[in-house]
Amino acid sequence: MRNLLTKGVVLGAAALLVLTACGSERDDEGDSGSGGGGSTGEAEAGFAADSLVGVALPAKTSENWVLAGDLFTNGLKEAGFQADVQYAGASTTVADQQQQINAMVTKGAKVIVIGATDAKQLSTQVAQAKQSGATVIAYDRLIANTPDLDYYVAFDNFKVGELQGQALLDGMKAKKPNGPYTIELFSGSPDDNNSKVFFDGAMSILQPAIESGDVVVGSKQTDIKQTATQGWEAENAQSRMDSLLNSAYTGDKELDGVLSPNDNLARAILTSVEGAGKPVPVVTGQDSEVESVKSIMAGKQYSTINKDTRKLVAQTITMVKSLQAGDEPEVNDTESYDNGVKVIPSYLLDPVIVTKENAAEAYADDPTLGPLTK
Ligand code: BGC
């Protein structure tokens, strides 16, 4: 509720038009953008063109974070900035990230980009950054309960959830034309603000089907607290799936589908189901991870979501360049993402659902995934 009061309605046709228009602008900038940084070292309202930009990323819980780090390091340098890109460690994520942000503030970073490990534990650091005169941008994950966050750049994560919920229904219908369908629900780590947003998005599609009886959650575990996967760890999802199978799916009880919030967890869920000797259910995902795209092409995992990290990082760097030049960065949404204190001006990109049907097309220009053949 705190995150998205009015979603669905907000990203209407107008916003999509803006997205499309901006998309082509970004593409145009793609090749020539790197030289742009040299022009405005003397910007009055901005800051020096070779200033330090800090990027604090969470632990590497999925491939997109690994990719983002490299893209930020290279992209910021190409744009003429000094880049300080840090990851939180796997076990001491919150403390690590807090210290890393403090260090960026001390070193005089002019912009600090944060992919939060824990949405609710950064308000002190964000306040310090703000006091030092830095601009703070939340990257991919919103930072909660702070008035000091300036901008949010992300794929529209509520829409990610909606696409996952719809893919689950479509996939099950394609396999078995008539319900009722038996499913299980998984969500991400409770400390990641996105987890609830993805889940709420998916449930906005699934709930009516559950209420009508067309979809049944076999374990009856529908509360996000029950479905959570601490730390986005694959082993946690796998062991929860193991115990669900042992309790709610004994004998030849069928499992038609599983809502999985990302690819890493989808593969763990599939491993569990295979281990139990059950037929492969329809399993959703997110992130276009290499192994999951292979699994989709092999007819195992049903879907993923393409949130092209290259575009998200490029959009963030575009924002940094605007700030450097003393301009107000472009946003395309000022209504959807409320962090509990205020609505954060956001630049939202459009996520794309990918199944075996459209994978070749979706990844045609992706150097790691394409070209694919059905
Ligand atoms: C990201 C997902 C990712 C997950 C785990 C989320 O905040 O939006 O793309 O799968 O974190 O790393």
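May I ask you to say which residue of S123, S132 is under 24 Å from T61 (Cα atoms), open to solvent by 10 Å² or more (accessible area, probe 1.4 Å) and outside the structural domain of D263 (by TED's automatic domain parsing)?
Values: S132 fails: under 24 Å from T61 (Cα atoms).
Exactly one residue qualifies, and that residue is S123.
For residues that are assigned to a loop (DSSP other than H, G, I, E, B) and either on the phi > 0 side of the Ramachandran plot or surrounded by 18 or more Cβ atoms within 10 Å (Cβ to Cβ) (or both), tally how many sit in region 48-61. Reasoning before the result, please.
Taking region 48-61 as the starting set, the residues that turn out to be assigned to a loop (DSSP other than H, G, I, E, B) are 48-51, 58-61.
Subsequent filtering for residues that are either on the phi > 0 side of the Ramachandran plot or surrounded by 18 or more Cβ atoms within 10 Å (Cβ to Cβ) (or both) retains 49, 51, 58-59, 61.
So the answer is 5.
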ask   = From the residues in region 148-180 that are away from the ligand (no atom under 13 Å from the Cβ) and open to solvent by less than 10 Å² (accessible area, probe 1.4 Å), which one is farthest from S260 (Cα to Cα)?
value = L149
task = Using the structure shown, decide if I205 is of a type in the set (A, V, I, L, M) and within 16 Å of the ligand (Cβ to nearest atom).
result = no
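What about S239, is it in contact with a Ser or Thr (Cβ under 9 Å, 6 or more places away or on another chain), open to solvent by 20 Å² or more (accessible area, probe 1.4 Å), away from the ligand (no atom under 16 Å from the Cβ) and within 28 Å of V94 (Cβ to Cβ)? Steps first, please.
On the way: in contact with a Ser or Thr (Cβ under 9 Å, 6 or more places away or on another chain): yes; open to solvent by 20 Å² or more (accessible area, probe 1.4 Å): yes; away from the ligand (no atom under 16 Å from the Cβ): yes; within 28 Å of V94 (Cβ to Cβ): yes.
When the stated conditions are applied, S239 passes them.
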remark   = All conditions in (1) open to solvent by 10 Å² or more (accessible area, probe 1.4 Å); (2) among the acidic types (D, E); (3) not in a loop (DSSP other than H, G, I, E, B) are true of E254 except (3)
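Have a look at T284, T368, T304, T318 and point out the one that is buried (at least 19 other Cβ atoms within 10 Å of the Cβ) and closer than 30 Å to G80 by Cα. Lay out the reasoning, then the answer.
On the way: T284 fails: closer than 30 Å to G80 by Cα; T368 fails: buried (at least 19 other Cβ atoms within 10 Å of the Cβ); T304 fails: closer than 30 Å to G80 by Cα.
Residue meeting the stated conditions: T318.
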ask   = Which of the residues spanning region 287-301 are crowded, with 21+ Cβ neighbours inside 10 Å and touching a residue at least 40 places away in the same chain (Cβ under 8 Å)?
value = D287, S288, E289, V293, I296
remark   = Here the residues within region 214-233 that are open to solvent by less than 30 Å² (accessible area, probe 1.4 Å) and in a helix (DSSP H, G or I) are T227, G231, W232
task = Evaluate the following for Y87: is it aromatic (F, W, Y), modelled with pLDDT of 95 or more, open to solvent by 10 Å² or more (accessible area, probe 1.4 Å) and under 22 Å from the mean Cα position of the chain (by Cα)?
result = yes
request  = Please list, ordered by first then second residue, the pairs with beta carbon atoms under 6 Å, 6 or more apart or interchain, first in region 259-273 and of a type in the set (S, T, Y), second open to solvent by less than 10 Å² (accessible area, probe 1.4 Å).
outcome  = S260/F186; S260/A266; S260/I269; S260/V283; S260/T284; S260/G285; S272/M241
key: Extreme residue, nearest to K159 (Cα to Cα), among residues of region 302-344 that are of a type in the set (G, A, S) and touching a residue at least 24 places away in the same chain (Cβ under 8 Å)   = S336
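The values are calculated or read from the model by the stated rules, or taken from the named source; none is laboratory data. Keep in mind it's a predicted model, so treat the numbers as computed, not measured. With ideal geometry, Cβ positions are generated from the backbone for all residues, glycine too; neighbour counts draw on all protein chains shown. Quick note on the areas: whole protein, heavy atoms, side chains included, nothing else; ligands and nucleic acids left out. Shrake-Rupley method; radii C 1.70, N 1.55, O 1.52, S 1.80 Å.
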